[in-house]
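What follows is one structure encoded as structure tokens, with my remarks underneath.
No value in this document is a laboratory result; all are computed from the given coordinates. Since this is a predicted model, take the numbers as computed values, not measurements. Cβ atoms come from the backbone with ideal geometry, glycine included; neighbour counts cover every protein chain shown.
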Amino acid sequence: MAFTDFLSSSPFWYYTYVTDDRNRRSIQGIQITKLFSDISLRNGEKQLMRLVVITGPSGAGKTLALHSLEDSGYYTVDNLPPPLLPALAGFCAQERQERCAVVIDTRSGKAFSELPSIIKHMKLAGADAEVLYLDASDSALLQRYKETRRPHPLRNKNVAGETEGGIMEVIEAERSLLDSIRACADHVVDTSAFTPGELRESIHTSYATETRPGLLITVVSFGFKHGLPVDADLVFDVRFLANPHYVPELRPLNGTDPRVAEYVSRDPNAPEFYARMKELVLFCLPQYMREGKAYLNIAIGCTGGKHRSVALAEQLTGDLRGAGYSVALHHRDCNVSEATKS
């Protein structure tokens, strides 16, 4: 039967196991009942839920890859025992998740050897399951363990294929446990020379082109007399510009008023300062995005946070939006009363 023929049956898959003479479990058969795996897309067409199984040696970047997919809208699970994979697929389909990613590796112990057979049966049933195998050279794995100082998950275990030796012996033992799943991987990525940002970019390009997260930019105006924004990444001080506070007819207004903005822009230093600030920000944005930065808070401050900072924050926000960026604007101190300021 086709995978989609089971849409009106029961809510999960389950496997039936038998025990052989060596007391090892093996898959005898697969029974699929009531798995809602077709989900509706925005255009009304039907598509199978995409299921990405991430595996590979410890230290190759599986957690970073999983987090990258989670940021891109995938439902994610880490360290799932292989026999629970069909049930997870059923749950995600029932919840109408379009994409699911799961890390399954040697931490699951003896049950890990069942993963290739489980994947095979799911694909035969028509599931859109694919295996992403992240690999790295022995030297790269060794260096990463030295940097993180975390113990290898197989260290000090004494089961088949595992060792109580040093880190290199453990790495070699883990590779032998991974041979069978690597042979059936749909996509193998060597992360040895990748920076974290490059690995995120590779994952987004291969698995999340349409849903990859963008840089969330917030431009905030503030007054130095009320303190710096605690979450500011870039801070620009505009207190050297002409202050509308000392102009009686402008003092009650704020920087969103065109008269205040025009007054600030008439300062001889304003055009050059703004041009340099804008140039710096536009230069930095692609660099931050390339490195995988998720949030950027740009703070522009004057004395009270009512006139100069507001006017320039408004201008910068408009220009960034015009350049195609998604920008939120917040005037933190614009409506703070004079009594509060004092």
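Taking one quarter of the surface of the convex hull spanned by the alpha-carbon atoms of region 216-341 gives a direction-averaged projected area of 7.4 nm². Taking 26 Å as the limit for the C-alpha separation, the pairs Lys62/Lys123; Lys62/Lys146; Lys62/Lys293; Lys278/Lys306; Lys120/Lys293 exceed it in the case of Lys120/Lys293. Here the Debye sum runs over all C-alpha atoms of region 80-132 as equal scatterers in vacuum, and log10 of I(q)/I(0) at q = 0.12, 0.13, 0.18 Å⁻¹ comes out as -0.25, -0.30, -0.57.
Peptide packing: for 220-226, 230-236, the average count of neighbouring Cβ atoms within 10 Å per residue gives the ranking 220-226, 230-236, highest mean first. Taking the centroid of alpha carbons for each part, region 274-296 and region 239-253 are 30 Å apart.
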